[in-house]
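Visitor: Encoded as structure tokens, here's the structure I'll be asking about.
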Amino acid sequence: MKVAIIGLGHRLSHVAKDMKKADPEFSITGYVDPAPAGLDNLHQFGIEPGQSYSSLEEMLEAGGFDLLMVGTPNFLHLEHIRAGLQAGYTVFTEKPVVIDKAQSIELAKLVREYGEDKIIVGLVLRYSPLYQDLVNAKAQGVLGEITSIEATEHIPPYHGAFFMRDWRRMEKYAGPYILEKCCHDIDLYQGLVGERPVRVASFGGRKSFTPQHTPTGAVTADSEMYHTKPSGWSSTDAVFDSDADIIDYQNAIIEYQGGATLSFHANLNVPDEFRRFCVIGTDGQAEGDFVRNFFKLHDARTTDCLIDKQYEGSAYDGHYGSDELMAQEVVNHMLRGTPLKVSVVDALEAGLTAIMIDEARKQKAVIDMTECWAEFDQALGR
């Protein structure tokens, strides 16, 4: 399989590595990026990219590839996806697909025009072994009807500091934090329930990464721990006094169409990190943690533990083992037409949910999503 890349950052270089594992014939025919942060990674992974192009238009005109991969900052995704579709290519885009409601509606119109199969989205956690075990538990009827979910995405201080330094610190580039970072989680539980939200509410703000909480003594804002994760385009060295406008903690409440609820908590300054869930159904309970690498399943009638599973390997390798699995399925999809575990419509629905969650926080209101879905469906032609 041959791909072309616009936005050759660290993330797409790692996706390319796993695609190369899945397909020995994988190659990069060209890329567009004035400062390709992931270029050194490609050499390290034994991948030699083709020509560097000055513009996406030039690369599209040159052609010679099967898939356009979009890894640019989020606010540019819509423009680059549109250009790839108009040139006749299938497009892989990193999450989140777009950054706000207006862009979501515009992309829905493109989905209507070109078809869902023309856009592949890197919502990689859909492929994780832990999530697949959770989905299977529901499919087998062990959980019964889902009533409520409690879930988190907590990241450690070094990772939170990255967000305060990177271009992702600005909503105009990345969208709200709960969209940029937590769209994975919103998508997972939305996919599990199998329903859209009808109402959302949210609370949060920024307290940890602020000037008054700048550390002093042995650990300071300039300490290595706050600069471990490299940032690229439009970055800053400031951590506690950067110009970031994202928040660093947030709670959200979601009610789905059938009455099930989700309580979700995100925090960027958790020294002993975890990313866990507890799904409670009428017949059973499932709990797991992507970081601490376990899955448990209990019967609600007998309270017996039906599954107590610990996953092998490091939870930090390739999105908990998901990267290689996603790459293999994307390659199979492109070469053999096999179905994927997540669609662009799934991604847009999760994105709109996250966008409206943050809007609820800003408005200090409970938001009814009925009109939002009606507008979205009209754009999709449904």
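Visitor: Whole-Hz ³J(HN,Hα) for each residue in the range 196-209, computed from phi via Karplus 6.51 cos²θ - 1.76 cosθ + 1.60 with θ = phi - 60°, x for glycine and proline: what do you get?
Guide: Once rounded to whole Hz, the list reads 7, x, 9, 9, 9, 9, 7, 9, x, x, 10, 10, 6, 9.
Visitor: How many angstrom separate the Cα center of the range 1-80 from the Cα center of the range 117-175?
Guide: Using only Cα atoms, the two centres lie 24 Å from each other.
Visitor: Next question. Ordered by packing density, taken as the mean number of other Cβ atoms within 10 Å over each peptide's residues, highest first, how do 39-51, 108-120 rank?
Guide: My ranking of the peptides, most packed first, is 108-120, 39-51.
Visitor: Let me ask something else about it. For every other residue with a beta carbon closer than 9 angstrom to the beta carbon of VAL291, add +1 if it is Lys or Arg and -1 if Asp or Glu, then tell me the sum.
Guide: Once positives and negatives cancel, what remains is +1.
Visitor: Could you tell me which trypsin sites (Lys or Arg not before Pro) in the range 232-295 are loop residues by DSSP with no more than 14 other beta carbons within 10 angstrom of their beta carbon?
Guide: Answer in residue order: ARG292.
Visitor: For the chain, what does the helix formula give at 222 nm: sum of -39500 (n - 2.57) over DSSP H segments with n ≥ 4, over the residue count, nearest 500 deg cm²/dmol?
Guide: The helix contribution divided over the chain gives -11000 deg cm²/dmol.
Visitor: Report the full-extension gain for the segment GLU61 to GLN310: residue separation times 0.36 nm, less the Cα-Cα distance, to one decimal in nm.
Guide: Stretched fully, the GLU61-GLN310 segment lengthens by 84.7 nm.
Visitor: Give me the compactness ratio for the range 2-121, meaning the Cα radius of gyration over 2.2 N^0.38 Å.
Guide: That ratio works out to 1.01.
Visitor: Then there is this: Could you quote the convex hull projected area for the chain, Cα atoms only and averaged over all directions, in nm²?
Guide: 19.2 nm²
Visitor: While we're here: Kirkwood Rh and Cα-based Rg: tell me the resulting Rg over Rh for the range 66-167, rounded to two decimals.
Guide: 1.06
Visitor: Further question: Hey, can you grab everything whose amide H is under 5 Å from the amide H of GLY50? Only 5+ residues off in sequence or another chain; H modelled, so Pro and N-termini drop out.
Guide: ILE28, THR29, GLY30
Visitor: Same structure again: Defining a contact as two alpha carbons under 8 Å apart and six or more residues distant in sequence, what relative contact order in percent does the chain show?
Guide: It rounds to 22 percent for the chain.
Visitor: With 29 Å as the limit, write out which pairs from LYS20/LYS95; LYS17/LYS207; LYS2/LYS296; LYS101/LYS138 have Cα-Cα distances beyond it, or answer none.
Guide: LYS17/LYS207; LYS2/LYS296; LYS101/LYS138
Visitor: Using amide H atoms built in the peptide plane, which far-off residues or other-chain residues are under 5 Å from LEU306 H to H?
Guide: Counting only residues 5 or more places away or on other chains, the set is LEU297, HIS298, ASP299.
Visitor: List the chymotrypsin sites (Phe, Trp or Tyr not before Pro) within the range 299-382 that DSSP assigns to loop and that have no more than 16 neighbouring Cβ atoms inside 10 Å.
Guide: Counting only loop positions with at most 16 other Cβ atoms within 10 Å, the chymotrypsin sites (Phe, Trp or Tyr not before Pro) in the range 299-382 are TYR316.
Visitor: For the range 256-351, run through the GluC sites (Glu not before Pro) and keep only the ones in DSSP coil with at most 10 other Cβ atoms within 10 Å of their Cβ.
Guide: Filter output for the range 256-351: GLU312.
Visitor: Ignoring ligands, DNA and RNA, what percent of the accessible area of the chain is carbon or sulfur (1.4 Å)?
Guide: After summing per-atom areas, the C and S share lands at 47 percent.
Visitor: Anyone know which of MET225, MET326, MET170 comes out most mobile in the 10 Å Cα GNM of the chain?
Guide: MET225
The values are calculated or read from the model by the stated rules, or taken from the named source; none is laboratory data. Please read all numbers here as calculations on a predicted model, not as lab measurements. Quick reminder, even Gly has a Cβ in these numbers, built from the backbone with ideal geometry, and neighbours come from all protein chains shown. Accessible surface areas use protein heavy atoms only, side chains included; no ligands, DNA or RNA. Shrake-Rupley method; radii C 1.70, N 1.55, O 1.52, S 1.80 Å.
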